[in-house]
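A short write-up of the structure that comes next.
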Amino acid sequence: GAGVSQSPSNKVTEKGKDVELRCDPISGHTALYWYRQSLGQGLEFLIYFQGNSAPDKSGLPSDRFSAERTGGSVSTLTIQRTQQEDSAVYLCASSLAGGPAKNIQYFGAGTRLSVL
Amino acid sequence: AQRVTQPEKLLSVFKGAPVELKCNYSYSGSPELFWYVQYSRQRLQLLLRHISRESIKGFTADLNKGETSFHLKKPFAQEEDSAMYYCALTEYGNKLVFGAGTILRVKS
């Protein structure tokens, strides 16, 4: 079927506003990851969901960032009170939990966030 | 801490020339190493993983545990190889730790 789907593809917001970014993983993939791609910092891990386990939030840069995954499928990354330094491309990836393809992460096209 | 180093930000070669993109890592366990590629206006995609030991699009990479390296090589570069290449590692299917990336530019 389709690959990892992210929406919106572009988001322009004003400083101080909240934004929600959505990720629809590949069907059957139980692991879901969020990364941030920015010019100064490269590709950074943000958060990881695996099945019903507690998420690994160790990469979230501040408490303004949060993410949830409903029903083990769609995930939403929320950034509250956006700052200009949040401007980046936010990437979502998903993978299988087992089998030979385990550990291969498939990426979405990303959401380009611009905070004015 | 896990760390992946790609020393070159930009590698420029002529078509037909050999290519080697360097990657070194620091990790105390037994990570899995990958090369991901991002072509212009396309999403990030897997190129190689070390456990597969295969050649993709003419590229190969060998894990050298003694030197903690996973360099990407291709004997004859093609213009369509121009892209951003990221070396990355993971353990137990957890997060990927990426290097800073190397832009490969193949000139005609």
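Compute the Rg/Rh shape ratio of the stretch B:3-107: radius of gyration over Kirkwood radius, all on alpha-carbon atoms.
Looking at the stretch B:3-107, the ratio lands at 0.95.
The Kirkwood hydrodynamic radius of the protein assembly as shown, based on inverse pair distances between different Cα atoms, is 18.2 Å.
Picking from A:S53, A:S38, A:S94, which is most flexible by a Gaussian network model of chain A using Cα springs under 10 Å? Checking each option, the largest mean-square fluctuation is seen for A:S53. Of the solvent-accessible surface of the protein assembly as shown, computed with a 1.4 Å probe over protein heavy atoms with every protein chain present, carbon and sulfur atoms account for 47 percent. Remark: the stretch B:69-108 carries a charge dipole of roughly 100 debye about the Cα centre, counting +1 on each Lys and Arg Cβ and -1 on each Asp and Glu Cβ.
Taking other residues whose beta carbon is less than 12 angstrom from the beta carbon of A:L116, and scoring Lys, Arg as +1 and Asp, Glu as -1, yields +1. For the protein assembly as shown, the solvent-accessible area with a 1.4 angstrom probe is 51 square angstrom per residue. Of A:L39, A:L96, A:L21, which is the most mobile in a GNM of chain A whose springs link Cα atoms less than 10 angstrom apart? The residue with the greatest mean-square fluctuation here is A:L39.
Ranking B:F98, B:F70 by solvent-accessible area of protein heavy atoms (1.4 Å probe, all protein chains present), from largest to smallest, gives B:F98, B:F70. Cross-link partners of B:K15 among lysines, defined as those whose alpha carbon lies under 27 angstrom from its own and excluding same-chain residues fewer than eight positions apart: B:K57, B:K73, B:K74, B:K107. Summary value for the stretch A:14-101: 42 percent relative contact order, contacts being C-alpha pairs under 8 angstrom separated by 6+ residues. Here is the P(r) of the stretch A:14-101: all C-alpha pair distances, binned every 5 Å from 0, give 3, 14, 25, 25, 17, 10, 5, 1, 1 in whole percents.
The values are calculated or read from the model by the stated rules, or taken from the named source; none is laboratory data. Only a predicted model underlies this, so the values are computations on that prediction, with no experimental measurement involved. Note: ideal-geometry Cβ built from the backbone for every residue, glycine included; neighbour counts use all protein chains shown. Heads up: the accessible areas ignore ligands, DNA and RNA and are worked out on the full protein's heavy atoms, side chains in. Shrake-Rupley method; radii C 1.70, N 1.55, O 1.52, S 1.80 Å.
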